[in-house]
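Following: one structure in structure tokens, then a few remarks.
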Amino acid sequence: MHENIDVLEANRNPHLTGAPSWLPKDRVNEKDDTPEESCLAFGYLRGLHDRALAIEFRLGNGNRDYFSYSHLASWRFNPSVGLLLKFTDDLLTLVLVRGSNLDALVKQSVNLTDRGFQRHRILWLREMDEMELRKAGKGEPTIDRIEIAEFASQEEPDDWLKKNAPGFVRPKK
């Protein structure tokens, strides 16, 4: 419907027919107009001040999970273990992202840590298959695995972390 209105406006106003490039239908294919960018491992918002509302986790089995940034309570990065995201809602959800170069800059503008999650610019993350992992350039971020676990009590996450990511377990005093 919007495109039809633009065409009608151009037909009624002869001064508009010579310059239809400003019409939205003509700008759909321009790459610079998209606010999103991506690498093999994740997608992000290009604008420094843009903020995503949610994060999509694309799992290797085809499943997808979405979490609101408003429920992202904290995250921790340990290069030898990965990235641990903590979402709080009705349940506590931990998302463990395993891979390499998770804090590496992509196109000199964003990474998963301080320029990504901290600024709410990451739109999606995905598990990469073997071919994609081999295709990734040297120093490029890769995601081998994304593990998502939900908990109803406070003790369960500690046990899960001890088993799945002991590098994130902090000693109790």
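The values are calculated or read from the model by the stated rules, or taken from the named source; none is laboratory data. A quick note: this is a predicted structure, and the numbers were derived from the prediction, not measured. Cβ sites come from the backbone with ideal geometry, for glycine too, and all protein chains shown count toward neighbours. SASA here: full protein model, heavy atoms, side chains in, ligands and nucleic acids out. Shrake-Rupley method; radii C 1.70, N 1.55, O 1.52, S 1.80 Å.
Annotations
- Scanning segment 162-173 for residues that are outside any helix (DSSP H, G or I) and closer than 27 Å to Glu132 by Cα turns up just one, Ala165.
- Segment 121-133: number of residues that are in a helix (DSSP H, G or I) and either in contact (Cβ under 8 Å) with a residue 12 or more places away in the chain or surrounded by 19 or more Cβ atoms within 10 Å (Cβ to Cβ) (or both): 1
- Considering the conditions (1) buried (at least 20 other Cβ atoms within 10 Å of the Cβ); (2) out of contact with any Leu (no Cβ under 6 Å at 6 or more places or on another chain); (3) at pLDDT 95 or above, Asp65 is excluded by exactly one of them, (1).
- Of residues in segment 134-161 being part of a loop (DSSP other than H, G, I, E, B) and under 20 Å from Asp90 (Cα atoms), the one least open to solvent (accessible area, probe 1.4 Å): Ser153
- Test result for Ser70, surrounded by fewer than 17 Cβ atoms within 10 Å (Cβ to Cβ), at pLDDT 95 or above, out of contact with any helix residue (DSSP H, G or I) (no Cβ under 7 Å at 6 or more places or on another chain) and not in a strand (DSSP E or B): yes
- Near pairs, Cβ below 9 angstrom, 6+ apart or cross-chain, from segment 93-120 (at positive phi and open to solvent by less than 10 Å² (accessible area, probe 1.4 Å)) to any residue that is outside any loop (DSSP other than H, G, I, E, B) and of a type in the set (Lys, Arg): none
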